[in-house]
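Structure, as structure tokens:
Please treat every number below as a calculation from the coordinates, not as lab data. Because the structure is predicted, anything quoted here is derived from the model rather than measured. We place every Cβ from the backbone using ideal geometry, glycine too, and count neighbours over all the protein chains shown.
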Amino acid sequence: MIIKLVYFCFFIVLLITSSVGFADEISEIDNFILTSTVAPYDCPEDDANLAIDRHLNFPELSDTQRFQLMVMKTHWQICVGKHEEAKQALIELLNNADVNQTMEYYASATYQLGFIYDVQENLERCALYEKAEQLSSDNFEGINLSAQLGLITVCHADMDDGVKLGKMYALLETYALKNDQAALAHIHNNIGLLYASLGQQVLAAEQFQKSYELGLNTYTSSNLLATLMSVISSHMAAGNFEKAEQAIQEFKRVNLSVDTALSNVWLYFAEAGYHYRTNNIEQLRYSLAKWKIYLDSINSSTFNSLYRWYSAVVCYEDNDVECLQQFLEDEQNTSDGYKLFINRNKDYLKFIVQIHLFLGDIEGAEKAFDTFSDVMINKTVEQQESGKILGVANLHSQIQSLEASLQASKLERIQTIVIIVSVLLVIIVAIIFWLRHRYLNSLSFDTVTNLLNSKAALAKIRRVPEPSPGRTNALALFDLGNFRDVNRQIGATNSELALKQISLTLSQVTRDRDILGRFAPEQFIVCLTDIEEDSAKSFFERMRYALENTILGEQQGQQVSIRSSMSIYISSGTFVDLDEVLDDMLLSLGIQTESE
């Protein structure tokens, strides 16, 4: 009897402990939802997605918590470019009979689906924006603002553009009085979109730049990159390539802390566009090679089509008839949404005319030119009409009122200047240490190839962390087996030029996060981190193919190819035993050389 009583007491204690544990978990989830939810015009931090997935697996979630977490996840998916995944989840949620249509998550899901349709040029976006505005009225300010701006920017076709601008400047004045920097950045971005639609690219670039600067202290890095893309696009459309190049450099700086597949696709898309418009075809090839590495990871039909366009530019430069014919055929099979988007681009339409002329298709060239001519005439008419809008008197008065309300932010800048002056001596000291570090860092590079030297490359490889579950770290040594013969053919004095050309080839086919170095006079080492094993092997094969297709001696009037050997090592952990691994790889290379 006593034993039974002990077991009963133990069961009661266990039950109470479990209940307390569940209560703590529920409380933690509620707190996470409260503190991690961000406005529709910002993006969640990347690590928030991991917490969302963990909380979604908790068995005791309420329906409300589950729906809230699902909408937080779709918000993150939209920010990283996974629009199709987010769309399917949102449609499921909005059609779920258990949702509470008065809750914020429902209004947010409605707006998010409208945004995705907006990106995809789906006309259902306007109905969703209208519904989101109604659901969020007087309750959820961020959603309401975003829905209003969506309606003003892409809907209400019958509304005069001057009235649209007036409405947006009225919103700007309202949020300036609240000193809501994030909302102001969002409004400036939408004003930029409207200016861009009117062909006023210089004014659009100014608004996008204001949006970027206001967002520096409030937005996550990934959201800042989206605004910078708009800055770059407007400058290029306006023909201001110097400012476009400056914005691209700023994009690279911010992307160091983001470095996702989507952000890198944006970067190399911007670079490719810049090189195309400045007619730097060699640099365009380089950007396309980098772009391709990340393109498959985001599964975007729009970016795939844009990549195909810029690749066709290279085909045109190379007089590749078959490639251009295939490009024209592929363009006929693109989606209606992409055709609607790309057929407003004068550079694209001009290129289509050039291709038809190059192929000798006069009839096709005439049709393409008619399309190009219609678009240019329409743009001219739109720009003439927009001139009236830009002179609206009440708009100027709103701008002046806005300037007055922003005086408070100027005081903050003055305080910042005082702080900067007070720490000036510290900064000078920091600069000295930085210069010293930079000098020491320069000692890590090979003087001929500008790649990492052997010591520096091996040191970085030793610090590579363990890969994610199911992924590997991969190492490869490339040996230039016939380099001495190449030297004899092109002349020993030209060997440094040959090595520079080889290092350039390897740099073009590797990713920014890969470790690439000169291991020995005729050997190069490459380390790929946190990658699938099959992907690593195919990546190395592409590198060897690129290496063996590098033609040397052209400047000396010769055509010499490199013959290379490769040794690969795949690890599911770190490279703590790197010296032993390298000994085995060198032995493998030696055996390959003897067998040739």
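Worth a mention:
- For Glu532, distant residues with modelled amide H under 5 Å away: Thr472
- From least to most packed, judged by other beta carbons within 10 angstrom and beginning with the fewest, Val321, Val38 follow the order Val321, Val38.
- Cα gyration tensor category, rounded, prolate or oblate, for the range 183-267 with a/c compared to 1.5: oblate
- Stretching the chain fully between Gln326 and Glu124 yields a gain of 69.4 nm (0.36 nm per residue, less the alpha carbon separation).
- Among the listed values (1) 1.07; (2) 1.16; (3) 1.31, the one computed from these coordinates for Cα Rg over 2.2 N^0.38 Å is (2).
- Cα gyration tensor shape of the range 265-339, rounded if a/c is under 1.5, else prolate or oblate by comparing a/b with b/c: oblate
- At full extension, Phe445 and Lys292 could sit 52.4 nm farther apart than now, given 0.36 nm per residue minus the alpha carbon distance.
- Taking 7 Å steps out from each Cα toward its Cβ at Met159 and Asp318 produces label points 4.8 nm apart.
- Length-normalised contact order of the range 111-162 in % [C-alpha pairs under 8 Å, at least 6 apart]: 31
- FRET efficiency for Ala97 and Ser62, using Cβ-Cβ distance with R0 set to 25 Å, rounded to 0.05: 0.95
- Our helix-only sum for the chain, with -39,500 (n - 2.57) per DSSP H run of n ≥ 4 divided by its residues, gives a mean residue ellipticity at 222 nm of -23500 deg cm²/dmol.
- Of the beta bridges in the chain, as assigned by DSSP with both residues counted there, near 95 percent are antiparallel.
- Electrostatic tally near Glu322: other residues with Cβ closer than 14 Å to its Cβ, Lys and Arg +1, Asp and Glu -1, net -4.
- Other-chain or far-sequence residues with amide H under 5 Å of Asn280's (modelled H): none
- Membrane-span-like helices of the chain, defined as complete DSSP H segments with a Cα extent of 15 Å or more along the helix axis and a mean Kyte hydropathy of at least 1.0, are identified as 2-36, 424-442.
- For the set Lys167/Lys252; Lys243/Lys290; Lys292/Lys500; Lys73/Lys131; Lys210/Lys350, the pairs lying more than 27 angstrom apart at their alpha carbons are Lys167/Lys252; Lys210/Lys350.
- Considering only alpha-carbon pairs that sit under 8 angstrom and 6 or more positions apart, the relative contact order computed for the chain is 9 percent.
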